[in-house]
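The values are calculated or read from the model by the stated rules, or taken from the named source; none is laboratory data. This structure is a prediction, so every number in the text was calculated from the model and none was measured. Cβ: placed from backbone, ideal geometry, glycine included. Neighbour counts: every protein chain shown. Only protein heavy atoms, including side chains, enter the accessible area calculation; ligands, DNA and RNA are left aside. Shrake-Rupley method; radii C 1.70, N 1.55, O 1.52, S 1.80 Å.
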Amino acid sequence: MRTITENQRKMVMMLCASQGIDDELRADLAYQFSNCRTTHVSKLSTAEASEMISRLKANQSRQNTTLDVWRKRLIAAIGEYLRVFNYTENIENIKAVACRAASADDFNKIPLERLRGLYNAFKDKVKSKNRVEDITADIAGAQMVMN
């Protein structure tokens, strides 16, 4: 059995770091991919390391796709918010609003949970404004009938 190559080890470490996988979880993954033989990445076989790298890459791809989807949703939600409240709507303004709301320097660095939370917050603001307008119209209509 050939042991993991240096390039494979570096790839595993880089993929784990980029996905926020800590030492404990990395050891658990090594244990699973080695069929309960070791918890050390450096003791994986080349085949085990190759499978682990493949799975980590697939996971990263799914994670990136999810982030892209939520970024697009947030852009749409903020765009709708800006239209409803009669603000200038363009991609620069939308990203600036998102960064300010998330306390982030870069739109692409807003974490997934924050993207979801902001999306829901901006959608709720628009719904609330629409509800208030509906209630106001109903009250105005009722007053006209009474007069």
From the list Ile110, Ile91, which residue is in contact (Cβ under 8 Å) with a residue 24 or more places away in the chain and open to solvent by less than 80 Å² (accessible area, probe 1.4 Å)? Ile110
Answer yes or no as to whether Ala104 is within 19 Å of Thr66 (Cβ to Cβ) and among the small types (Gly, Ala, Ser). yes
Exactly one condition in (1) in a helix (DSSP H, G or I); (2) in contact (Cβ under 8 Å) with a residue 12 or more places away in the chain is not met by Thr39; state its number. (1)
Given Gly117, Gly79, which one is small (Gly, Ala, Ser), touching a helix residue (DSSP H, G or I) at 6+ places or on another chain (Cβ under 9 Å) and open to solvent by less than 30 Å² (accessible area, probe 1.4 Å)? Gly79
Given the condition surrounded by 13 or more Cβ atoms within 10 Å (Cβ to Cβ), touching a strand residue (DSSP E or B) at 6+ places or on another chain (Cβ under 8 Å) and either under 16 Å from Thr5 (Cβ atoms) or acidic (Asp, Glu) (or both), answer yes or no: does some residue in the range 50-57 qualify? no
If you take the residues in the range 58-76 that are surrounded by 16 or more Cβ atoms within 10 Å (Cβ to Cβ) and over 17 Å from Gln19 (Cβ atoms), which one is farthest from the chain's Cα centre (by Cα)? Ile75
For the range 97-147 the number of residues that are small (Gly, Ala, Ser), modelled with pLDDT of 90 or more and not in a loop (DSSP other than H, G, I, E, B) is 6
Does any residue of the range 66-88 turn out to be in a helix (DSSP H, G or I), over 30 Å from Arg131 (Cβ atoms) and either of a type outside the set (Asp, Glu) or at pLDDT 95 or above (or both)? yes
Looking only at the range 1-32, which residues are charged (D, E, K, R) and part of a helix (DSSP H, G or I)? Glu6, Arg9, Lys10, Asp23, Glu24, Arg26, Asp28
